[in-house]
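Notes to accompany the following structure.
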Amino acid sequence: MNDMQMIKEIEKIKKEKNIKIFAHNYQNLEVQRVADYLGDSFYLSKLAGEVDCDEIIFCGVRFMAETAKIMCSDKKVVLPVEDAECPMAHMVKPQEVLAFKKEHPEFKVVSYVNTTTELKAVSDVCVTSSIAEIVINNMDAQNILFIPDMNLADYVSKRVKGKNIISWNGYCPVHDKVRKDEIFAMRKEYSGYEVLVHPECRREVLQEADFVGSTSAIINYAKNSAAPGFIIGTETGVLHTLKAENPKKEYELLSPSLICYNMKKTTLRDVYNAVTGKGGLVIELDKELAENAKRSLDEMVRLACN
Ligand code: 13P
Ligand code: SF4
């Protein structure tokens, strides 16, 4: 079966089975094209609790599919590639968080959505990169432990005033590799271009950027800016939407290291197999664990939309 036939079949089965395909902004172009919804982590997490369908095929990494399942436990949720994992999601253990809480009861635990369900279940609230600042500002807690991303924690703590934010030492292996020297070199080569970066990058990189934001915020910024071109400091998958939405502007990837191999594992064939029920991982979560994790996610949505 060639790609065109597969796309046709996917569209047909989607209708028959009332399936919606969710895809994160980092997915391969062929996958983005068959998606019903494409966006950043916050948009997709919130949408999972609102969308009207019987099944979600979540093209992303495992924590994203688990988050969708938590938000809509009555629906079938499938991750097309079983081992599509975000390494950062495992950089802290639930026992470590529980031990910290026991020793520091005055702290609230804020977990980046890039965490396992087990971690969300022992957290007080979740955040994504697009709403971390607003959620933390709206919390009535003074002392906060932010897990696991130290770069995002550092970025947020500079923007939130009057709170004591300490962080775990996790990081995104993709964004953390980028260095400020790469910005200097790119600015020299592409003068007049704006540098747009994700807050999972190091402080030295964020300090040299023109804009810092989530994947969707970067796409949105480029759309509204008058600059002729952009140096993109996040995973290469966002370039598909950027080019499609603003074909007259130019885009360069800030660093060759900005490829998330886990996000790139999902192919059109995997989506086809998931839709036909012949492949992928059907997400199953322990009921009590999922309910505890949902409290943190519901709190995120409540504080973000406050
Ligand atoms: P966004 O929430 O910006 O989509 O980011 C998710 C992610 O995994 C970034 O590496
Ligand atoms: Fe995880 Fe980084 Fe990949 Fe995002 S880009 S999914 S944080 S490894």
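The values are calculated or read from the model by the stated rules, or taken from the named source; none is laboratory data. Predicted model only: the values in this text are computed from it and were never measured. Reconstructed Cβ throughout: ideal geometry from the backbone, glycine too, with neighbour counts over all protein chains shown.
Criterion first (more than 16 Å from ligand 1 (Cβ to nearest atom), aliphatic (A, V, I, L, M) and closer than 18 Å to Tyr190 by Cα) does Ala274 satisfy it?
Considered against the rule, which asks whether it is more than 16 Å from ligand 1 (Cβ to nearest atom), aliphatic (A, V, I, L, M) and closer than 18 Å to Tyr190 by Cα, Ala274 comes out as no.
Using the structure shown, decide if Ser157 is at pLDDT below 95 and not in a loop (DSSP other than H, G, I, E, B).
So Ser157 fails the test.
Each row is one residue, and each column tells you yes or no for (1) touching a His at 6+ places or on another chain (Cβ under 7 Å); (2) under 21 Å from Gly277 (Cα atoms); (3) loosely packed, with under 15 Cβ neighbours inside 10 Å.
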site	(1), (2), (3)
Leu47	no, no, no
Glu55	no, yes, no
Met64	yes, yes, no
Met71	no, no, no
Lys75	no, yes, no
Pro87	no, no, no
Gln95	no, no, yes
Ser111	no, no, no
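Residues are listed down the side, and each one gets a yes or a no for (1) within 30 Å of Ile136 (Cα to Cα); (2) touching a Lys or Arg at 6+ places or on another chain (Cβ under 8 Å); (3) not assigned by TED's automatic domain parsing to the domain that holds Met71:
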{"position": "Glu208", "(1), (2), (3)": "yes, yes, yes"}
{"position": "Ala226", "(1), (2), (3)": "no, no, yes"}
{"position": "Ala244", "(1), (2), (3)": "no, no, yes"}
{"position": "Leu268", "(1), (2), (3)": "no, no, no"}
{"position": "Tyr272", "(1), (2), (3)": "no, no, no"}
{"position": "Asp298", "(1), (2), (3)": "yes, no, yes"}
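What pairs can you find where one residue is in region 250-261 and under 18 Å from Tyr193 (Cα atoms), the other is polar (S, T, N, Q) and within 13 Å of ligand 2 (Cβ to nearest atom), and their Cβ atoms are less than 7 Å apart, with a gap of 6+ or different chains?
Leu253/Thr236
Of all residues in region 116-132, how many are more than 21 Å from His24 (Cβ to Cβ) and part of a helix (DSSP H, G or I)?
The number of residues fulfilling the criteria is 2.
Identify the residue in region 182-215 that is part of a helix (DSSP H, G or I) and farther than 27 Å from Met91 by Cα and, among all such residues, is farthest from ligand 1 (Cβ to nearest atom).
The residue in question is Lys188.
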